[in-house]
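Below is one structure, written out as structure tokens; comments come after it.
The values are calculated or read from the model by the stated rules, or taken from the named source; none is laboratory data. The structure presented is a predicted model; accordingly, all values stated were derived computationally and were not measured. We place every Cβ from the backbone using ideal geometry, glycine too, and count neighbours over all the protein chains shown. Accessible surface is based on the protein model in full, side chains and every heavy atom, while ligands, DNA and RNA are left aside. Shrake-Rupley method; radii C 1.70, N 1.55, O 1.52, S 1.80 Å.
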Amino acid sequence: MTREEKSIAIENLTAQLAGTNIIYVSDISGLNAETTSNLRRACFKAGIKLEVVKNTLLAKAMEASSTDYGDLPSVLTGNSAIFISDVANAPGKIIKDFRKKSDKPVLKGAFINNEIYIGDNQLDALATIKSKEELLGELIGLLQSPAQRIISALQNKFAGSEEGTEA
């Protein structure tokens, strides 16, 4: 790779990093072609961009970015692939799903909304992070719950009083 190609690659990675708040770094080495293809297909269906990257180029892109990636560059050893997503838990769920059949991909680290997660032991927590839509749904459900109970109680009271007048 020429110096100019490296510079372009770093610029492209920096632009990708600037466009997202959710990045997972993993090791997918050792996966055969079929499994890798299945992983890419699953990522595509979930709206996740999966890209194998050179560690030095990704580290330089993180350094050039205005975002502070903390200790995340320290995990850039061996083979690395990045998962870029709009949903915080989507890459974690995909990695967990693939780990049912294999020991890869291994989570090296993640950057989610300015929080840094280092190590594969964080995978369970990351896969269960609630998305913005899930949190909004829960909030709406909680707000509707008292109103639904009042309506139900009123309906039961009126239904009971109507039955009482018929007898």
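Listed values, structure above:
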quantity	calculated
Looking only at segment 77-93, and only at residues there that are open to solvent by 20 Å² or more (accessible area, probe 1.4 Å) and β-branched (Val, Ile, Thr), the one that is farthest from Leu39 (Cα to Cα)	Thr77
Check on Ser74, open to solvent by 50 Å² or more (accessible area, probe 1.4 Å), among the polar types (S, T, N, Q) and over 18 Å from the mean Cα position of the chain (by Cα)	yes
Every pair of residues 6+ apart whose Cβ atoms lie under 8 Å, when the first sits in segment 31-54 and is under 15 Å from Ser85 (Cβ atoms) while the second is basic (Lys, Arg)	Cys43/Lys49; Ala46/Lys93; Leu50/Arg40
Residue that is nearest to the chain's Cα centre (by Cα), among those in segment 47-66 that are crowded, with 16+ Cβ neighbours inside 10 Å and part of a loop (DSSP other than H, G, I, E, B)	Ile48
Qualifying residue in segment 114-122 (condition: more than 14 Å from the chain's Cα centre (by Cα) and outside any helix (DSSP H, G or I))	yes
Unmet requirement for Ser145, which otherwise passes all of (1) open to solvent by less than 40 Å² (accessible area, probe 1.4 Å); (2) polar (S, T, N, Q); (3) touching a residue at least 40 places away in the same chain (Cβ under 8 Å)	(3)
Close pairs (7 angstrom Cβ cut-off, 6 or more residues apart or separate chains): within 12 Å of Leu17 (Cβ to Cβ) in segment 63-75, outside any loop (DSSP other than H, G, I, E, B) and of a type in the set (Phe, Trp, Tyr) anywhere	Tyr69/Phe111; Leu72/Phe111
